[in-house]
Amino acid sequence: KMSSGAADLRQRKKKNCTESDKMAPEERNKENSKLGRSPKYMLIQRFAKLFFGCLAAVTSGMMYAVYLSTYHERKFWFSSRQELEREITFQGDSAIYYSFYKELLKAPSFERGVYELTHNNKTISLKTINAVQQMTLYPELIASVLYQASGSEEVIEPVYFYIGIVFGLQGIYVTALFVTSWVMSGTWLAGMLTVAWFIINRTDTTRIDYSIPSRENWALPYFACQVAALTGYLKKNLNCSAEKFCYLLVNASTYTFMMMWEYSHYLLFVQAVSLFLLDSFALAQTEKVYEVYRIYLFSLIVGYLLQFENSALLVSPLLSLVVALMLSKSLQMNVKKSTFVSRLLKIMYIYLVLTVAVTLNFLLKMFIPHKENEHLLKFIEVKLGLNTTKNFTMNWLLCQESLQAPSQDFFLRLTQSSLLPFYILVLIICLFSVTQVIFRRICGEPLKETVKLEDGRIGERPEIVYHVIHTILLGCLAMCLEGMKYLWTPYVCMLAAFGVCSPELWMTLFKWLRLKAVHPILLALILSMAVPTIIGFSLWKEFFPRIMTELTELQEFYDPDTVELMTWIKRQAPVAAVFAGSPQLMGVIKLCTGWMVSSLPLYNDDDLLKRNENIYQIYSKRSAEDIYKILTSYKANFLVIEDSICNEVGPVRGCRVKDLLDIANGHVVCEEGDNYAYSKYGRFCHEIKMNYSPYVNYFTRVYWNRSYFVYKVNTVISFQS
């Protein structure tokens, strides 16, 4: 092998399942006889522990789902609203996803509905799209099938069924985090603490409050299940049936996760890098790690075929890394362990994997036609300061809160709930222990087959090392982009809860401190119960009243201006009309009225991005003729101007839509740190309200209220002043 670790692990390949299953009970019986316990007593004890742990996990998930449902009802008064008012609560891209769910239910048959989505020409003017592929509508396909197949039409309204599935998935999400922490620590007390921290820090762990139908709310529960199964799969001395179960669950959840979210392969790439580092330091069974790589490969291939030959999966960094690992493995050589040559070859192996992966990814992108989120690559360049741009879309993305560095409030909230201090403590102890283990491996010391509590070597457990690496990588991303905190913070909750509830972690710490006054094992067991109990009581005292207040306090979400606008469109606008306006509003119009629109709030298509920028010109300093030409090029019949965008004040000057348009159009000149505005035309959204020529020649106002102004795009232009 290239290193002593790889050689050791392959020599210590797992024994035949039947053998290991036979040996385990014998060893346990010997241990129990020494302690004076009968095998029957131990079996009952283990069953009771498993039963109550599973009951607590399932109950936690169900209670969280009920909590979300109750909070949603209190926030939006959902049950007392009309259908139109309910639909308005879906904003931006959420409105688009739910609108396609509605269309599927209205279709004469499921097959016809799918066909209309894959050949959709009734959503965006002058454009036929495969909505299933472009917007990853598999969740909506599944929800519509379940709704119709279960005969729920007479029992529950479609909107309740839809959000009920999402809330149910969030319950599964919490249950999976519970199980992961339980598997790592050995006590379901860690699972309870994980759930408590997750709910208390809900602002930073999930976006379910703001965007129910978003892809991540459908996908991340499956990823959490995959992580829970992977945690069990990586454990040492796992019995055969449990290993097979974990392997099958990793398979199923990985594939499902990839089908639910277009960006899933990026998150799996981060996970693959974690496993690569774990294997490089010879801290896990190599065969198990490569089995996971094969699962990635299978999921990518099946995903490519079922996602209408999605080329983004072929040029993904995940595929390049997995193929590079497979190729590099075939080139490994058998070298005597603990030699200078074996260590040198290990370094060369890591270098080879990285080189092959980068080269392969470059070649794939060169030869495979793709539009794999090129704007994301440009965004990363600008974000890292490698480039500057006046492009409206790039600057608009840079101004989004989710793409900014996390604020101080984020860290303050995690500290107030005691999550961040305990996470840092657990992470430091685990990191030092892992560093010690790596140093021992370099020196040629083999890993122990079974790590006992008194050993104080938590860094020798592969599942722990994996989670440490994984949270560090996700944490680095979260420090760059605030939106990534929704991927990182749930696993911060899980790792911190595992640590404070794990006797092994406390024992590792006491080994370093060389405690002599108190027996370290006894103290570790006491602290692993006392510390989480104290944390739990303090969280209960401080945060439980706040949560109950949230559930009892009636909030009001009512937008009469938007309701009036949608009602006017449904009553007065022709069925074949095309509306133009901000992409976010167009999503709501499409959902609430079904009318065709000129743009959508989607950012994975270059043509749609260009459309969005062009339509946004209604808030720029352009002439009436320019705006008229833009709108007629997209066959728009009606223009909707939002007063909130036209008169936007905004907390950050330079990030308002009109500021970004002025920069992109060259209507702002920067000299010695000062900005000077220049354009021979006034701002279109202001000027058109004045009702003077030439604006009235091109546009006719047909409806207005406090928030919206609707103008008909004239088909016959009159130049009378």
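Asp659 fails exactly one of the following numbered conditions: (1) under 22 Å from Ser402 (Cβ atoms); (2) open to solvent by less than 30 Å² (accessible area, probe 1.4 Å); (3) in contact (Cβ under 8 Å) with a residue 60 or more places away in the chain; (4) not β-branched (Val, Ile, Thr). What is the number of that condition? For Asp659, the exception is condition (3).
For (1) charged (D, E, K, R); (2) open to solvent by 40 Å² or more (accessible area, probe 1.4 Å); (3) closer than 22 Å to Met63 by Cβ, each residue gets a yes or a no:
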residue	(1), (2), (3)
Ile142	no, yes, no
Val145	no, yes, no
Pro158	no, yes, no
Val166	no, no, yes
Phe198	no, no, yes
Arg202	yes, no, yes
Ser211	no, no, no
Asn217	no, no, yes
Tyr222	no, yes, yes
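Within region 312-331, the residues that satisfy the criterion of being open to solvent by less than 30 Å² (accessible area, probe 1.4 Å), in contact (Cβ under 8 Å) with a residue 40 or more places away in the chain and assigned to a helix (DSSP H, G or I) are Ala312, Leu313, Leu318, Leu319, Ser320, Leu321, Val322, Leu325.
Looking only at residues in region 549-566 that are hydroxyl-bearing (Ser, Thr, Tyr) and out of contact with any Cys (no Cβ under 9 Å at 6 or more places or on another chain), the one that is farthest from Tyr71 (Cα to Cα) is Tyr558.
Would it be correct to say that Tyr603 is open to solvent by 20 Å² or more (accessible area, probe 1.4 Å) and touching a Leu at 6+ places or on another chain (Cβ under 7 Å)? So Tyr603 fits the description; yes.
For region 243-258, filtered to residues that are crowded, with 20+ Cβ neighbours inside 10 Å and among the aliphatic types (A, V, I, L, M), the residue that is nearest to the chain's Cα centre (by Cα) is Met258.
A count restricted to region 83-114 and to residues that are part of a loop (DSSP other than H, G, I, E, B) and at negative phi stands at 6.
Helices (runs of 4 or more DSSP H) fully within region 586-650 that include at least 2 residues being within 33 Å of the chain's Cα centre (by Cα): 606-615, 643-646.
Here is a check on your reading of the model: is Arg706 surrounded by 16 or more Cβ atoms within 10 Å (Cβ to Cβ), modelled with pLDDT of 90 or more and either part of a helix (DSSP H, G or I) or of a type outside the set (S, T, N, Q) (or both)?
It is false that Arg706 is surrounded by 16 or more Cβ atoms within 10 Å (Cβ to Cβ), modelled with pLDDT of 90 or more and either part of a helix (DSSP H, G or I) or of a type outside the set (S, T, N, Q) (or both).
Does Glu243 fit the bill of being of a type in the set (Asp, Glu), within 24 Å of Ile165 (Cβ to Cβ) and assigned by the TED database to the domain that holds Gly459?
No, not satisfied.
Restricting attention to region 268-308, the residues that are within 22 Å of the chain's Cα centre (by Cα) and polar (S, T, N, Q) add up to 4.
Does region 533-555 include one or more residues that are open to solvent by 60 Å² or more (accessible area, probe 1.4 Å), of a type in the set (A, V, I, L, M), closer than 30 Å to Ile630 by Cα and modelled with pLDDT under 95? Scanning region 533-555, I find no residue that is open to solvent by 60 Å² or more (accessible area, probe 1.4 Å), of a type in the set (A, V, I, L, M), closer than 30 Å to Ile630 by Cα and modelled with pLDDT under 95, so the answer is no. The criterion of being in contact with a helix residue (DSSP H, G or I) (Cβ under 7 Å, 6 or more places away or on another chain), outside the structural domain of Ala478 (by the TED database) and over 30 Å from Gln133 (Cα atoms) holds for Asn387. Restricted to region 404-420, and to residues that are outside any helix (DSSP H, G or I) and not polar (S, T, N, Q), which residue is surrounded by the fewest Cβ atoms within 10 Å (Cβ to Cβ)? Within region 404-420, the match that is surrounded by the fewest Cβ atoms within 10 Å (Cβ to Cβ) is Ala405. Pairs meeting the criteria (first residue in region 183-196 and touching a residue at least 24 places away in the same chain (Cβ under 8 Å), second residue assigned to a helix (DSSP H, G or I) and acidic (Asp, Glu), beta carbons under 8 Å, at least 6 apart or on different chains) are Val183/Glu463; Met184/Glu463. Residues in region 613-631 that are touching a Lys or Arg at 6+ places or on another chain (Cβ under 9 Å) and of a type in the set (A, V, I, L, M): Ile630 only.
Look at Leu117 and say whether it is open to solvent by less than 20 Å² (accessible area, probe 1.4 Å) and part of a helix (DSSP H, G or I). So Leu117 fits the description; yes.
Identify, please: which residue in region 40-82 is polar (S, T, N, Q) and at pLDDT 85 or above and is, among those, most open to solvent (accessible area, probe 1.4 Å)? First the steps, then the outcome.
Going through region 40-82, the residues polar (S, T, N, Q) turn out to be 45, 59-60, 69-70, 79-80, 82.
Checking which are at pLDDT 85 or above leaves us with 59-60, 69-70, 82.
Numbers: Thr59: 64, Ser60: 16, Ser69: 58, Thr70: 53, Gln82: 128 Å².
Only one residue tops the list, namely Gln82.
Residues in region 556-583 that are open to solvent by less than 80 Å² (accessible area, probe 1.4 Å), at pLDDT 90 or above and charged (D, E, K, R): Asp561 only.
Confirm whether Tyr98 is of a type in the set (Phe, Trp, Tyr), within 21 Å of Tyr147 (Cβ to Cβ) and either modelled with pLDDT of 90 or more or surrounded by fewer than 19 Cβ atoms within 10 Å (Cβ to Cβ) (or both). Yes: the conditions hold for Tyr98. Of all residue pairs spaced 6 or more apart or on separate chains, those with beta-carbon atoms under 6 Å, a first member in region 520-548 that is over 24 Å from Leu68 (Cβ atoms) and a second member that is of a type outside the set (A, V, I, L, M, F, W, C) and open to solvent by 60 Å² or more (accessible area, probe 1.4 Å) are Ile521/Glu454. Can you confirm whether region 384-403 contains a residue that is among the hydrophobic types (A, V, I, L, M, F, W, C), open to solvent by 80 Å² or more (accessible area, probe 1.4 Å) and at pLDDT below 80? Scanning region 384-403 turns up at least one residue that is among the hydrophobic types (A, V, I, L, M, F, W, C), open to solvent by 80 Å² or more (accessible area, probe 1.4 Å) and at pLDDT below 80.
The values are calculated or read from the model by the stated rules, or taken from the named source; none is laboratory data. Note that the structure is predicted; figures quoted are calculated from it, not measured. Cβ sites come from the backbone with ideal geometry, for glycine too, and all protein chains shown count toward neighbours. We work out accessible area using only protein heavy atoms, side chains counted, and drop any ligands, DNA or RNA first. Shrake-Rupley method; radii C 1.70, N 1.55, O 1.52, S 1.80 Å.
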